[in-house]
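The structure appears below as structure tokens.
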Amino acid sequence: MFLRRYVERFFDIVIRLFVHPRRQVLFSSFQGQYTCNPKYISLKLHEMYPDVRILWTSSEKSREHSLPNYIETVRFGSFQYYFQKHSSLVVVDNG
């Protein structure tokens, strides 16, 4: 846990220096499950702004088959997760 915090902070600094924020929103809810308020925020966001890229964190416990087609998944804790998290304009997380 201690090392993870420093690794995440390192990625945050490096990515913010070299990557311009993208027009995307990263959602995370209760161990990567597609549920609760972030689910409905993402549905409304897609309805209002269909050109915004929507990413959702996933884990082994999540059910990816219930996700709409326009949502892309990112495995929680992976390098891609940290990259997408720090290069997104907005991060919605209730976990």
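The values are calculated or read from the model by the stated rules, or taken from the named source; none is laboratory data. Every value quoted in this text rests on a predicted model; they were computed, and no experiment measured them. With ideal geometry, Cβ positions are generated from the backbone for all residues, glycine too; neighbour counts draw on all protein chains shown. The area values use the complete protein model at the heavy-atom level, side chains included, leaving out ligands, DNA and RNA. Shrake-Rupley method; radii C 1.70, N 1.55, O 1.52, S 1.80 Å.
Distance between the 7 Å Cα→Cβ label points at TYR40 and GLN24: 2.7 nm. Farthest towards the positive end of the charge dipole of the chain, among the residues VAL14, HIS86, PHE76, is the Cα of VAL14, using unit charges on the Cβ of Lys, Arg, Asp and Glu. Cα gyration tensor of region 4-59, axes a ≥ b ≥ c as square roots of the eigenvalues: rounded (a/c below 1.5), prolate (a/b > b/c) or oblate? Here region 4-59 falls in the oblate category. With every protein chain in place and a 1.4 angstrom probe, the accessible-area ranking of GLU72, GLU47, largest first, reads GLU47, GLU72.
What is the percent carbon and sulfur in the accessible area of the chain, measuring with a 1.4 Å probe over the protein chains and ignoring ligands? Let's see the in-between values first.
Details: 3760 of 6550 Å².
Carbon with sulfur: 57 percent of the solvent-accessible area.
Taking 7 Å steps out from each Cα toward its Cβ at ASP51 and ILE13 produces label points 3.6 nm apart.
Over region 1-81, give the accessible area per residue in Å² for a 1.4 Å probe, as an integer. All intermediate terms of the calculation are to be shown ahead of the outcome.
Working: 5880 Å² over 81 residues.
Computed with neighbouring chains in place, this is 73 Å² per residue.
Can you tell me how much longer the chain between TYR6 and LEU89 gets when fully stretched, taken as 0.36 nm per residue apart minus their C-alpha distance, in nm with one decimal? The partial results should precede the final answer.
Values: separation 83, 0.36 × 83 = 29.88 nm, distance 2.19 nm.
That pair, TYR6 and LEU89, stretches by 27.7 nm at full extension.
With a ≥ b ≥ c the root eigenvalues of the C-alpha gyration tensor of the chain, is it rounded (a/c under 1.5), prolate (a/b larger than b/c) or oblate? Oblate. The local environment of TYR82, defined by Cβ-Cβ distances under 13 Å, has a net charge of +4 under the rule Lys, Arg +1 and Asp, Glu -1.
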